[in-house]
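What follows is one structure encoded as structure tokens, with my remarks underneath.
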Amino acid sequence: MKSAQDLLHVLARDHRRFDERCRSFLDAPTRRGERLLRGLAIDLLAHEAIEQLLLHPIVAERLPSGQELAIHRLEEEDLLERLLLSALRLPLASEGFRTAFQHVHRNLVEHTDREELEVFPYLRHVVDRRDLRELGRVYTTLMVRVPTRLHLRLEPDDLGGRRPLLRIRDAACDVLRELGQRVPDGIEPGRDELTSPVRCLVIDVTQPATTLSPPAHVPSEPATAPRA
């Protein structure tokens, strides 16, 4: 069905899938193992990075107070990444891991619930259905290709410790270009501004080519760029 490729449909579907994967991992973390956990982490960060390219620019451009809404989502994604990396540093069999991963899961659900309540219903009124279907197709392709890039790692690289979410977003930009799609203005490989996608124009798919409260053990850091 064409509606199955609607961007908002596939994002909400993946939100449910990430919720289920987190619940499943919490049920038996040691049996599922570190490899599956890291696969979940990369898939989740890829999802958030792709939203930063396909969803947040549209929110910032098309909705009243859209830039504020988009920046709030970026701040939540910033926190979610830090919580996830903090959990990954802990032994799977430890009680500390279970507590840390519960924080990840709770913040994920709160983030996706806010996105679906505050953003999705209103976008349907301002974005053409054909554009939403095309963006859904692009999102689905990116979610297949981006996590399989061999250079994607969760550990900081050797050149300044660039954060995984931004490195994954760079990879998503590469795939967008390979698909002949425009990359949002202000996004360049190696750019460290987390909020740069929301200060650009909406992606033109017709042309080829608030903040959640972290747990006490996780230091609160602002997003890397000031609010516009």
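The values are calculated or read from the model by the stated rules, or taken from the named source; none is laboratory data. Only a predicted model underlies this, so the values are computations on that prediction, with no experimental measurement involved. A quick note on method: Cβ atoms are made from the backbone with ideal geometry, for glycine too, and the neighbour counts reach across all protein chains shown. Note: areas computed on protein heavy atoms with side chains; ligands, DNA, RNA excluded. Shrake-Rupley method; radii C 1.70, N 1.55, O 1.52, S 1.80 Å.
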Filtered residue count, segment 7-30, keeping only those that are touching a Gly at 6+ places or on another chain (Cβ under 7 Å) and surrounded by fewer than 15 Cβ atoms within 10 Å (Cβ to Cβ): 0
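Okay, residues lined up against (1) closer than 18 Å to residue 171 by Cβ; (2) under 15 Å from the mean Cα position of the chain (by Cα); (3) at pLDDT 95 or above; (4) open to solvent by less than 10 Å² (accessible area, probe 1.4 Å):
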position: 39; (1), (2), (3), (4): yes, yes, no, no
position: 46; (1), (2), (3), (4): yes, yes, yes, yes
position: 60; (1), (2), (3), (4): no, no, no, no
position: 68; (1), (2), (3), (4): no, no, no, no
position: 73; (1), (2), (3), (4): no, yes, no, yes
position: 88; (1), (2), (3), (4): no, no, no, no
position: 112; (1), (2), (3), (4): no, yes, yes, yes
position: 130; (1), (2), (3), (4): no, no, no, no
Among 119, 109, 144, 126, which is the only one that is farther than 13 Å from residue 11 by Cβ and touching a Lys or Arg at 6+ places or on another chain (Cβ under 8 Å)? 126
